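Below is one structure; the comments refer to it alone.
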Amino acid sequence: MSDSTSNQNYLSSLAVGVNTLVWTISNGVCPSSSDTIEITVNPSSIIPDFSTDTNEIYAYQIVKFIDLSTGNPDSWHWNFGDGDTSIIQNPGHIYTDIGTYPVMLVITNALGCRDTIIKDIEVKERFLVPNIFTPNNDGINDVFKVIASGYKDFSMQIYNRFGQLIFESLSPTIGWNGKTASGLDVTVGTYFYIIKAVAPDGKDVIEKGPLQLLR
């Protein structure tokens, strides 16, 4: 807003970026004189914000962090609260322990403006053993994998109906793809698992049961 006849003027609603202003001084019959000035308007303040792609976050499960910041940031620095960091705008992360983690996001725009937000993320425990899987390479349920979120000292053995050990894993992130140690497909049928782990409360957990392999 301005008054072009006043010798004390002000402006509002300038566009973001460089604005070139010209003013002219008139003195009766004398020649007028002009001058210019450039005013740079910076973007509005950046506001950091983020969310996750799921409301339930479990240990050993991938959670995606989604940047919701405004103000056109062009760099991001994440601290997931467990010692890991990322500079990707929308990173994925895996927590290996249950608990509450202070996740920090620092954003910066092209002008060097910076702001920070911290949100607490709760990572929960969960134990789930499927009873059937179909390793037919269709991308759906191809691997027998146990969800043991927050559990320690995990071990899993898979046996055939003759009691022969077919597969063994020491991590819930490593499942069985329905093959022998030499890489051959096992036959369709019933197999048996023994799973041992230590729960978050320190109690020993032993799970045993049948597993159906279909193709």
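Data for the structure
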item: Given (i) 31.0, 113; (ii) 17.0, 58; (iii) 18.9, 83, the label whose value is Rg and Dmax of the Cα atoms in Å derived from this model; result: (i)
item: Set of aspartates and glutamates near Lys64 by C-alpha distance (under 16 Å), chain-local residues within fewer than 8 positions excluded; result: Asp49, Asp53, Glu56, Asp82, Asp84, Asp120, Glu122
item: Cβ-defined net charge surrounding Ser69, 9 Å radius [Lys, Arg +1; Asp, Glu -1]; result: -3
item: Mean separation of Cα contacts under 8 Å, 6 or more apart, over the residue count of the chain: relative contact order %; result: 14 percent
item: Rounded to whole Hz, the Karplus (6.51, -1.76, 1.60) HN-Hα couplings of the stretch 52-59, x for glycine and proline; result: 10, 7, 8, 7, 10, 10, 10, 4
item: Charge tally in the Cβ shell below 14 Å around Phe50, where Lys, Arg are +1 and Asp, Glu are -1, Phe50 excluded; result: -3
item: Whole-number percent relative contact order across the stretch 109-165, with pairs defined as alpha carbons under 8 Å at least 6 apart; result: 27 percent
item: Inter-part distance where the stretch 35-108 and the stretch 174-209 are each reduced to a Cα centre, Å; result: 37 Å
item: Relative contact order (%) - the stretch 95-202, alpha-carbon pairs under 8 angstrom, separation at least six; result: 23 percent
item: Net lengthening on full extension, Arg126/Lys152 (0.36 nm per residue, minus Cα-Cα); result: 8.1 nm
item: Over 27 Å (Cα to Cα) - which of Lys152/Lys208; Lys124/Lys196; Lys119/Lys203 fall in this group; result: Lys119/Lys203
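Coordinate-derived values only; no laboratory data. Every value quoted in this text rests on a predicted model; they were computed, and no experiment measured them. When we count neighbours, we look across all protein chains shown, and the Cβ atoms used for this are built from the backbone with ideal geometry, even at glycine.
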